[in-house]
Structures are given as structure tokens and as C-alpha cells.
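Every number here is computed from the coordinates shown, using simple stated rules; none is lab data. All of these numbers come straight from a predicted model, not from anything done at the bench. Don't worry about glycine lacking a Cβ; one is built from the backbone with ideal geometry, like all the others, and counts go over all protein chains shown.
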Amino acid sequence: MTDERRYAPATQRNRGPILDLLRGVLPPRGLVLEIASGTGEHVVHFARELPNLTFQPTDPEPSARGSIAAWIAEEKLSNIRAPLELDAARTPWPVTAADAIICVNMIHISPWDSTLGLMRGAAAILPAGAPLFLYGPFIRAGIATAPSNLDFDADLKRRNPAWGLRDLANVANVAAAAGFSAPVVTEMPANNLGVVFRRL
């Protein structure tokens, strides 16, 4: 039997700090929807460490969903559901209610329409007070962008002109228009940010 599990080296480095932040952000119980689960390594780690929560991974790519399913099978966790196909930019979403949403390293590796769709979709399914958690590199006005992030941004735009680091102010404006609070921002390792919006 072929092992479909995929590995992202950065996951091993960032999953601990992300989990530490999520412990103070996520509700004690309920359903956590992950948008763009990728390899599935993050969601199985979070599900293992937060057993009172139920996790719903998603990804638009069949190969990613295969990897997620393989990780779930390997970990044998009862609080994580089978991955669903979900493209943040497209409606309707296959999940109609959640108690929290997490989205790690997606918005800079997708078209801007995906960020717009993420905010609309999250606003439609989250109750008041529920968190939308984003993680990744951002550009912030008045704060120098790390040279490594500038290089990363240039590389992303070479790969796809629709990709690239997003200005956090622009993301916050879209979130506000969709019905979210101003962001709570936490500095994270490797020049990344943890950004928490709450449904108003």
C-alpha cells in the first residue's frame, strides 16, 4: 500500500508555536474548521494535543486530501474528520457551521479572491465571538519587512503573479467589511504573524 503522507519541513518548526497560541484562542470544545490543510501535518498535531476539540480539515487539491487522509489513518485520532474539498474562493462551502476557523500559510500562496472568499465564508458560518486565526508572513505599514520575506514575496510573484505577501491592513479591511473585529496580532518565529479576528 502506497503511503500518501506528504511532509512540509516548515511544519515541524512552526507547529509548536502555533499550537501554543491556539491554546489561548480556540474554544474549549466545538468544531474547528481548517482551511487549506495542505499536507495535514498541522491538523493532526493540533487534534492530538487538543482532544476536546473536533477538527475538520479541508483542501481544494486531491493530492493534499490524500495526504491528510493518510495522516489521519496513521495517527488514529477520533477527533478529526475525513478531509473535505473546499476552495475558500468558491461558495457554498461544504461546512455550514463551525466554532472556530484556522488558516495557516494560505493567503500569500493563493489569489486575492481566496482571501475575500475566506472572509465571506467564515463570516457566514461562525457565531458571534468565534475566532478566525491566520498564520503566515504579512506586510505591515510602518514596519520594515524582513529581507527574507521580501525575497519570498518576489519568489512567489515569479511563480504566480496572483500570489504574494498581503498587506495586513488590507486583510483587516476586508475582515471588517465581512463583520469581524480588528485583528489581534502576535509576532511569531521566522518573521511570521499570528492574526486573530473575532466574529462580531
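Does Asn79 satisfy the criteria of being in contact with a helix residue (DSSP H, G or I) (Cβ under 7 Å, 6 or more places away or on another chain) and at negative phi?
Details: in contact with a helix residue (DSSP H, G or I) (Cβ under 7 Å, 6 or more places away or on another chain): yes; at negative phi: yes.
So Asn79 fits the description; yes.
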Going through Pro17, Pro27 one at a time, which residue ends up being out of contact with any Ser or Thr (no Cβ under 7 Å at 6 or more places or on another chain), in contact (Cβ under 8 Å) with a residue 24 or more places away in the chain and part of a helix (DSSP H, G or I)? Pro17
Yes or no: Ser78 more than 17 Å from Pro9 (Cα to Cα), without any contact (Cβ under 8 Å) to a residue 24 or more places away in the chain and hydroxyl-bearing (Ser, Thr, Tyr)? yes
Can you tell me which residue is nearest to Gly38 (Cα to Cα) among those in segment 102-161 that are in contact with a helix residue (DSSP H, G or I) (Cβ under 8 Å, 6 or more places away or on another chain), part of a loop (DSSP other than H, G, I, E, B) and of a type in the set (Gly, Ala, Ser)? Ala146
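Looking at segment 69-87, which of the residues that are outside any helix (DSSP H, G or I) and within 18 Å of the chain's Cα centre (by Cα) is nearest to Asn52 (Cα to Cα)?
First pass over segment 69-87, keeping only residues outside any helix (DSSP H, G or I): 76-87.
Of the ones still in play, those that are also within 18 Å of the chain's Cα centre (by Cα) are 80-87.
Details: Ile80: 11, Arg81: 14, Ala82: 17, Pro83: 19, Leu84: 21, Glu85: 24, Leu86: 24, Asp87: 27 Å.
Only one residue tops the list, namely Ile80.
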What are the residues in segment 120-154 that are under 14 Å from Leu193 (Cα atoms) and not small (Gly, Ala, Ser), if any? Leu132, Phe133, Leu134, Tyr135, Pro137, Phe138, Ile139, Arg140, Ile143, Thr145, Asn149
Is it true that some residue in segment 189-200 is in contact (Cβ under 8 Å) with a residue 60 or more places away in the chain, in a helix (DSSP H, G or I) and either at positive phi or not charged (D, E, K, R) (or both)? yes
For Leu77, only one of the following conditions fails: (1) crowded, with 20+ Cβ neighbours inside 10 Å; (2) in contact with a Phe, Trp or Tyr (Cβ under 9 Å, 6 or more places away or on another chain). What is its number? (1)
